[in-house]
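Input: a single structure, listed below in structure tokens.
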Amino acid sequence: MEQFLIANMAPIMFGALVVFLLSGFPVAFSLAANGLFFGLLGIELGLLQPALLQALPNRVFGIMANDTLLAIPFFTFMGLILERSGMAEDLLDTIGQLFGPIRGGVAYAVIFVGALLAATTGVVAASVISMGLISLPVMLRYGYDKRIASGVIAASGTLAQIIPPSLVLIVMADQLGRSVGDMYKAAFVPGLLLTAMYAGYVLAISIFKPHAVPALPLEARNLREPNGKSGVVSLLVLVALATAASFGFAEYYFSGHPTAKPDEIGIYSAGVGIIGAFVLAVLNRKLKLGLLSRMAEKVVFVLIPPLALIFLVLGTIFVGIATPTEGGGMGAAGALILAMMNRRLTFSLMKQAMDSTTRLSCFVVFILIGSSVFGLTFRAVNGDLWVEHLLTSLPGGQMGFLIVVNLLFFGLAFFLDFFELAFILVPLVGPVAEKLGIDLIWFGVLLGVNMQTSFMHPPFGFALFYLRSVAPREVKTSDIYWGAVPFVLIQIIMVALIIAFPNIVSVAEKTDMKEQLELKIETPMMQPESSGSEPQLNFSTEGETTAPSEEPQLNFSTDEEKK
């Protein structure tokens, strides 16, 4: 029996963890208890040394010293402040008025605002609850199908998981040992493409089932001009002027900085266009010039603040001015300023936001500590080698590995949260992916899109629970579940597209996260006593160590080629 346990400790340990998780025991304590129990069992069987567990304090202090994880409370606090500052309500009302005259207009507005909230809050609960409270009653009042309305809201809220500044991507970068900024850049295009696919689904519904997504009636459009016109032409002219200003600045900036990166040019030029539009709207309102319609002016004043916050956070990260942690700090400060400008920054709001941020941060840290305890013992019993052998022996090479891993994550997402998946499975499959030659940034974004489905899986998806908590009674739970199914299929199609067309996820220049340490140990040989010189031992980390040419040297170098 002892020999069987020693030979199969890794699979038994993994199986015990699955049993603990399915029993409903808290994830953090399941991980820690498994690690400690099998660590002690391994010591008792003579498989492990007692000194192994002495590494646990260093691991815990290493987690506490991880600067990357500071971005999680910053972005969470930013999202909660924005969610309670009235920004989501203003966005949904204004964009709903803009798209209202067309079929499915409110659904388009929900998707567009969901993407904007994702780029500013990064918190699924905040997005789903805000849009559920504001948009769902409006959509039901004007005849939207219950399933489509609930599915659009739940799916748009989950965009916060893949569009930066996503908490999933922060954790994924930390677990894979890659740069958070690179992970954000790589996930930007897939996030926008997924948003477009959601809008494409609503467009298809509006064509084949127009009665399910009707346009807003005329009496519901309250941003019209006194003469009855919508004012959209004025908005289009303003957009054209802002776009022309952006292109003009891009040409001017590139002529003076020919080596500038595309990210830098794009962010700076877009910022110029947005600032120009905002200044024109302010002058139009203060000087009463009458150049802009009510619709154009309202859209500018509602859209510019969140867009400015996006550029403050993501723009500084992409350009390289700030790290993700620093960007999160600026975003939190910006959210406080926006709430103050809207006169909604109260002591109660601050207390609620700080309480929720503290709970989520403690939840993440405790799971990370538990996963570190589990990972220490699991690697000590060669569990990583067992997983590697299991996955590398799959037929089909890289493709077989990707299919099996994505099916595994998709299946476990029915029962586990994305944090739990990231801390338990990603450290196991990441090294195998790297050994198979798979780029870990691409792999992280792929798993991020896959784990996004964990919020939409009936019957355990958290986004569905959030929506159920705020949905009116006439919306049945079955309506919410069936409404989520098409969007889960869209997310699966997105996973397949990333695998089929890897260039969807790409970063031009990746940050090297590996420390390069060059160590040389040089010792001169003993000289004759007549020379009067004593032997010297020289430890140097310099690329080249200067020594007298006439003295022979003994060089132990880590360089592949000695110069």
## Note on the structure
Here, Leu52 and Ser23, labelled 7 Å along Cα→Cβ, have an inter-label distance in nm of 2.1 nm
### Query
For segment 135-242, what is the relative contact order in percent, using Cα pairs closer than 8 Å and at least 6 residues apart in sequence?
26 percent
### Query
For the chain, what does -39500 (n - 2.57) per DSSP helix run (n ≥ 4), summed and divided by total residues, give at 222 nm, in deg cm²/dmol to the nearest 500?
-21500 deg cm²/dmol
### Derived scalar couplings ³J(HN,Hα) [segment 20-36; Karplus, 6.51 cos²θ - 1.76 cosθ + 1.60; whole Hz; x for Gly, Pro]
4, 5, 6, 6, x, 5, x, 4, 4, 6, 4, 5, 5, 5, 4, x, 5
### Message
With an 8 Å Cα cut-off and a minimum separation of 6 or more residues, compute the relative contact order for the chain in percent.
### Response
22 percent
### Query
Using Cα-only point scatterers and the Debye equation, what is log10 of I(q)/I(0) for segment 1-79 at each q in 0.11, 0.14, 0.26 Å⁻¹, rounded to two decimals?
-0.44, -0.65, -1.16
### Message
When 1/r is averaged over all different Cα pairs and the result inverted, which Kirkwood radius in Å belongs to segment 306-425?
### Response
18.3 Å
#### Entry: Per-pair calculated FRET efficiency, R0 = 22 Å: Ile493 and Met399 via Cβ, rounded to 0.05
0.80
### Task
State the Cα centre-to-centre distance between segment 295-342 and segment 142-176 in whole Å.
20 Å
### Task
Keeping the other protein chains in place, figure out the carbon and sulfur percent of the accessible area of the chain, with a 1.4 Å probe.
65 percent
### Query
Cα centroid distance between segment 183-221 and segment 346-378, in Å?
34 Å
#### Entry: Whole-number Å³ per residue for the convex hull built on Cα positions in segment 162-304
171 Å³
### Query
Residue by residue, what Karplus-based ³J(HN,Hα) values in Hz, rounded to whole numbers, does segment 396-409 have, using 6.51, -1.76 and 1.60 with θ = phi - 60° and x for Gly and Pro?
x, x, 4, 5, x, 4, 5, 5, 5, 5, 5, 5, 5, 5
### Message
Going by average Cβ density within 10 Å per residue, which order do the peptides 352-361, 49-58, 318-327 take, highest to lowest?
### Response
318-327, 352-361, 49-58
### Query
Taking the simple approach of a point 7 Å from Cα along Cα-to-Cβ for both Phe415 and Thr358, what is their distance in nm?
3.4 nm
### Query
So what's the convex hull volume per residue for the Cα atoms of the chain, in Å³?
223 Å³
#### Entry: Heavy-atom accessible area per residue - the chain, 1.4 Å, Å²
49 Å²
### Over 19 Å between alpha carbons, listed pairs Lys146/Lys209; Lys229/Lys298; Lys185/Lys435; Lys209/Lys229
Lys185/Lys435; Lys209/Lys229
## Note on the structure
Using alpha-carbon positions, the gyration tensor of segment 95-189 gives root eigenvalues a ≥ b ≥ c; with a/c under 1.5 called rounded, otherwise prolate if a/b exceeds b/c, else oblate, the class is prolate
### Summary
Stretched fully, the stretch from Lys286 through Arg224 gains (0.36 nm per residue minus C-alpha distance, one decimal, in nm) 20.3 nm
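The values are calculated or read from the model by the stated rules, or taken from the named source; none is laboratory data. Remember, predicted model here, so these are calculated numbers, not experimental data. Backbone-built Cβ (ideal geometry, glycine too); neighbour counts: all protein chains shown. Quick note on the areas: whole protein, heavy atoms, side chains included, nothing else; ligands and nucleic acids left out. Shrake-Rupley method; radii C 1.70, N 1.55, O 1.52, S 1.80 Å.
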